[in-house]
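The values are calculated or read from the model by the stated rules, or taken from the named source; none is laboratory data. Note that the structure is predicted; figures quoted are calculated from it, not measured. Cβ placement follows ideal geometry from the backbone for every residue including glycine, while neighbour counts extend to all protein chains displayed. Surface areas here come from the heavy atoms of the whole protein model, side chains and all, with no ligands, DNA or RNA. Shrake-Rupley method; radii C 1.70, N 1.55, O 1.52, S 1.80 Å.
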Amino acid sequence: MRKLENKVALVTGAAKRIGRAIALALAEEGAHVAITYRESEQDAQATVQEIQFLGVRAFAVQADVRVPESIQSAVTRAAAHFGQLDVLVNNAGMFETAALESLTVEQWDAMFETNTRGPFLASQAAYAHLKASQGRIINIGSLGGTHPWPTHAHYSTSKAALHMLTQTMSKAFAPEIAVNCVAPGMIVNNGNTSAEYEHFAQKTPMKRNGSPQEVAAAVLFFATGPHFITGQLIGVDGGLGL
């Protein structure tokens, strides 16, 4: 039997890239999967089809994690569609390079609205469902949340706050809900081999960059491992953060 047989997972921002890989990995272990997307409807429907090819049910719903009513509606619809909710993966995120001295208040707030407030709102919306199912929350943090990146100050700070939110929720939502975090390092989508990516690969002890599938494998560990594991952060960075 697959480890997530008859379970239901919701992955935010899963139309493409890392979110898509996470949704597919959960489906491969037998979970029915709901995904949210903000603008990429075509990609979302393609991901739904790929999930269905794995022999499970899939559902895509448009949602903006920055808007309380939107994410509440998405969680409610996903839980109603499948009749339960067992795993929430807070993947939807924002990334931007900007000089700290010229960051605007709007840039700062937009980063926190998506990367920190979004997971808070989604988790709060899913709380009752996950409490009933003895479920799990998995947040997607970042190496930038544990290391200060001077050209990504608002991003690093928002992810550091998400790491702390993970720990706080793990205590507040115990013992029914396990809450953990996966912190990717340099992850390359579609085999991109640009000079910038190669630079990071050479700085990484494992001498390569990571893949979305490796992030998904870490998510799968928290989704299927002992429920007793909570409040933890796993780095998926090939040792880049050492």
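Take every Cα-Cα pair in the chain and report what % of them are more than 22 Å apart. Mind showing how you got there, number by number?
Details: 14643 of 29161 pairs.
I get 50 percent for the Cα pairs in the chain exceeding 22 Å.
Is the C-alpha gyration tensor of the range 102-242 telling us rounded, prolate or oblate? Criteria: a/c under 1.5 is rounded; beyond that, a/b larger than b/c is prolate, otherwise oblate. Provide the component values of the computation, followed by the final result.
Values: a/c = 2.34, a/b = 1.38, b/c = 1.70.
Note, shape of the range 102-242 comes out oblate.
Which FRET efficiency, nearest 0.05, do Q62 and E198 yield, Cβ-Cβ r, R0 45 Å?
On the way: r = 37 Å, r/R0 = 0.81.
The value I calculate is 0.80.
Stokes-Einstein D for the range 22-128 at 10 °C, 1.306 mPa s, Kirkwood Rh over Cα pairs, in µm²/s? Walk me through the numbers before you get to the answer.
Numbers: Rh = 14.9 Å.
Diffusion coefficient, whole number: 107 µm²/s.
Which one of T204, L54, G141 has its Cα pushed farthest toward the positive end of the charge dipole of the chain, where Lys and Arg give +1 and Asp and Glu give -1 at the Cβ?
Farthest along the dipole direction, towards plus: L54.
Among K16, K131, K203, which one moves the most in a GNM of the chain with springs linking Cα atoms closer than 10 Å?
K203
Figure the gain on full extension for Q49 and E96 (residue separation times 0.36 nm, minus the Cα-Cα span) and round it to one decimal in nm. It would help to have the intermediate numbers written out before the result.
On the way: separation 47, 0.36 × 47 = 16.92 nm, distance 3.04 nm.
Length gained between Q49 and E96: 13.9 nm.
Please list 3J(HN,Hα) in residue order for the range 173-179, calculated via the Karplus relation 6.51 cos²θ - 1.76 cosθ + 1.60 where θ = phi - 60°; whole Hz, with x for glycine and proline.
9, 6, x, 6, 10, 8, 10
With n ≥ 4 as the cut-off for DSSP H runs, can you work out [θ] at 222 nm for the chain, using -39500 (n - 2.57) per run divided by the number of residues, rounded to the nearest 500?
The helix-only estimate for the chain comes to -14000 deg cm²/dmol at 222 nm.
For K159, go through the lysines and keep the ones whose alpha-carbon is under 27 Å away, minus same-chain ones fewer than eight residues off.
Counting by Cα, and skipping residues close in sequence, K159 has these lysines nearby: K16, K131, K171, K203, K207.
What is the spin-label model distance, in nm, from M1 to Q72 if the labels are put 7 Å beyond Cα along the C-beta direction?
So the two model labels end up 3.6 nm from each other.
Treat each spin label as a single point 7 Å out from the Cα along the C-beta direction, and report the L233 to Q213 distance in nm.
Taking the simple label geometry, L233 and Q213 are separated by 2.8 nm.
Solvent-accessible area per residue for the range 105-178 at a 1.4 Å probe radius, Å²?
Ligands and nucleic acids excluded, the figure is 42 Å² per residue.
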